[in-house]
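Notes to accompany the following structure.
The values are calculated or read from the model by the stated rules, or taken from the named source; none is laboratory data. The structure presented is a predicted model; accordingly, all values stated were derived computationally and were not measured. All Cβ positions, even for glycine, are placed from backbone atoms using ideal geometry, and neighbour counts span all protein chains on display. Areas reflect the complete protein model, heavy atoms only, side chains present, ligands, DNA and RNA absent. Shrake-Rupley method; radii C 1.70, N 1.55, O 1.52, S 1.80 Å.
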Amino acid sequence: MTRNPAEYTVPLPWASSSHLEHTNDKDTNLSTDMHAIHTKLLIPGYGKPTENMTVVIKGPKIHSITSTSDFEDSVLSRIMRSISVPVLLPGLWDCHLHYFGNLYLSIDAFALASQALAGARSATDVARTLNAGFTSVREVGGYGADLAQAIAEGQLVGPNIYPSVAMISPTAGHGDAHSLSEQWVKDVSDHGLPLRVVDGVAECRKAVRQCIRKGAKVIKIAGTGGVLSSVDDPHQAEFAMEELVAMVEEGIVQCLKAGVKTIEHGTYLDEEVCEMMKEKDAILVATRTVVTNLVNHPELMNPESYKKLLETAKYHGQAYALAVKKGVKIALGTDLGISVPNNDLSHGKDGQELRYAVEAGMTPLQAIEAATARGPMTLGTKMAPKSGQIKEGFDADLIALHANPLNDIGILSKAENVTHVWKGGKNFKEPGMRVGPEL
Ligand SMILES: [Zn+2]
């Protein structure tokens, strides 16, 4: 954000919050870090929307939620700064993206790129994500753990990042850089490249431990072949069952039997898999944004990858619609992962995923739930942070819109329609402005 208008009442992260001290009433025990947001329409993330509500934020958490009339009758209203917005909802979650800091979608290109350059590009990408109203992301392979540290230090402005650190793949699998020597891939992976190529139970276990050591909040396993790697196939299982059992996450049937809780993409889901997912209480992260938009961008990948993409795109839409119809639990994720600016696949275009969810059969309210309250569940029920809902005691991650997304879910597709963004109780965006540097 490039200016700090005096009329605005919420502390900016890099500005002093001393102006709030004037509002402190010494006769009360209220701290200076409280403020109120009034809204005509509150969409809580989980449950029904309510009208004319006030959310009080205390420090990084949501302190209370009351009707605006009750708030105005209370002592709080006389000693606290407040603002009004038309529509308030929880900060959005993108449960599948990558900060690889690369201009080309190829595992081999990731492996060859300078890590400093990748980090520099990603600095803008994380700001784009927050600017679009996405206050939390599950980053399933990429430099997310490093970026999260820079954000925590205040060097960068970006979302809460829950990283997997690396994508774990067997030799010749989706996370292997097939055109490079095995030793090269191993060496760069040992020195910070977010890929792990492993074979056998012992190496699988070790790779998971190495990811956790570097801050992983989720473990990403390439359970089948993928699109961006060259010789593998998204139909083929890659790890042996005992290898999968030794790890957790990603893939299809074998992964569910091994206790995996989320399935990414789900291109070849059928009725049987949907039933199994329901039985195992697994969550689908369909990543429709990447499948839909990548078809229009053959220049971003090599010809073999593009061919595979066209093949998977034939099935993906109907698999997603089937999962919605069957009542599979769904969280939204985009698989955005390149740093090319002004592209349908640039970071910050995450909000498209809500429109695709509605196209797949969800109501706008269900799509918002999938993009908010469901997000934390993709980290596991025991690990889920208190986030994604406007609820007392939850993270004060909130966004405001100028219009009702239940009437037109498409307004979330554009970052400029997100007028305000609060993360951890701090305001990062206000009307007419963008988060971070020039995007
Ligand atoms: Zn991905």
Seminar exercise, completed: Of the conditions (1) in contact with a Pro (Cβ under 7 Å, 6 or more places away or on another chain); (2) open to solvent by less than 10 Å² (accessible area, probe 1.4 Å), the single one that Val435 does not satisfy is (1)
Problem set entry | Selected residue (only one of Leu401, Leu412, Leu379 is in contact (Cβ under 8 Å) with a residue 40 or more places away in the chain, aliphatic (A, V, I, L, M) and under 27 Å from Ala216 (Cα atoms)) | Leu379
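Can you pull out the residues in region 158-176 that are in a loop (DSSP other than H, G, I, E, B) and within 13 Å of the ligand (Cβ to nearest atom)?
At the first step, the residues of region 158-176 found to be in a loop (DSSP other than H, G, I, E, B) are 158-159, 164-166, 170-176.
Listed by number, the residues that qualify are Ser164, Ala166, His174, Gly175.
May I ask you to verify whether Ser136 is polar (S, T, N, Q) and away from the ligand (no atom under 16 Å from the Cβ)?
yes
So which of Val126, Val197, Val137, Val185 is modelled with pLDDT under 95 and open to solvent by less than 30 Å² (accessible area, probe 1.4 Å)?
Details: Val126 fails: modelled with pLDDT under 95; Val197 fails: open to solvent by less than 30 Å² (accessible area, probe 1.4 Å); Val137 fails: modelled with pLDDT under 95.
The conditions single out Val185.
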Exercise. Listed residues Ala323, Ala331, Ala384; which is touching a residue at least 40 places away in the same chain (Cβ under 8 Å) and either surrounded by fewer than 18 Cβ atoms within 10 Å (Cβ to Cβ) or away from the ligand (no atom under 16 Å from the Cβ) (or both)?
Worked result: Ala323
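Okay, residues lined up against (1) in contact with a Pro (Cβ under 6 Å, 6 or more places away or on another chain); (2) modelled with pLDDT of 95 or more; (3) over 19 Å from Glu264 (Cβ atoms); (4) not basic (Lys, Arg):
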{"position": "Leu309", "(1), (2), (3), (4)": "no, no, no, yes"}
{"position": "His316", "(1), (2), (3), (4)": "no, no, no, yes"}
{"position": "Val324", "(1), (2), (3), (4)": "no, yes, no, yes"}
{"position": "Val328", "(1), (2), (3), (4)": "no, yes, no, yes"}
{"position": "Leu332", "(1), (2), (3), (4)": "no, yes, no, yes"}
{"position": "Pro341", "(1), (2), (3), (4)": "no, no, yes, yes"}
{"position": "Asp350", "(1), (2), (3), (4)": "no, yes, no, yes"}
{"position": "Leu354", "(1), (2), (3), (4)": "no, yes, no, yes"}
{"position": "Ala357", "(1), (2), (3), (4)": "no, yes, no, yes"}
Exercise. In region 281-296, how many are away from the ligand (no atom under 13 Å from the Cβ) and either under 18 Å from Leu97 (Cα atoms) or open to solvent by less than 10 Å² (accessible area, probe 1.4 Å) (or both)?
Worked result: 6
Exercise. Which condition breaks for Ser122 when tested against (1) more than 16 Å from the ligand (Cβ to nearest atom); (2) assigned to a helix (DSSP H, G or I)?
Worked result: (1)
Problem set entry | Test set (1) outside any helix (DSSP H, G or I); (2) away from the ligand (no atom under 16 Å from the Cβ); (3) touching a residue at least 60 places away in the same chain (Cβ under 8 Å); (4) open to solvent by 50 Å² or more (accessible area, probe 1.4 Å) - Glu51 fails condition number | (3)
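Criterion first (open to solvent by 10 Å² or more (accessible area, probe 1.4 Å), touching a residue at least 24 places away in the same chain (Cβ under 8 Å) and more than 15 Å from the ligand (Cβ to nearest atom)) does Glu275 satisfy it? Quick ask: steps written out before the conclusion?
Details: open to solvent by 10 Å² or more (accessible area, probe 1.4 Å): yes; touching a residue at least 24 places away in the same chain (Cβ under 8 Å): yes; more than 15 Å from the ligand (Cβ to nearest atom): yes.
In short, yes.
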Exercise. Can you find a residue in region 95-110 that is of a type in the set (Gly, Ala, Ser), within 16 Å of the ligand (Cβ to nearest atom), in the same structural domain as Gly348 (by TED's automatic domain parsing) and in contact with a strand residue (DSSP E or B) (Cβ under 6 Å, 6 or more places away or on another chain)?
Worked result: no
For this session: Considering only region 126-147, state which residues are out of contact with any helix residue (DSSP H, G or I) (no Cβ under 7 Å at 6 or more places or on another chain) and under 21 Å from Val188 (Cβ atoms).
Result: Glu139, Val140, Gly141, Gly142, Gly144, Ala145
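So, in region 60-94, how many residues would count as being part of a strand (DSSP E or B) and either among the acidic types (Asp, Glu) or within 16 Å of the ligand (Cβ to nearest atom) (or both)?
First pass over region 60-94, keeping only residues part of a strand (DSSP E or B): 61-67, 82-90, 92-94.
In the following step, the residues that additionally are either among the acidic types (Asp, Glu) or within 16 Å of the ligand (Cβ to nearest atom) (or both) were identified as 93-94.
Looking only at that region, the number is 2.
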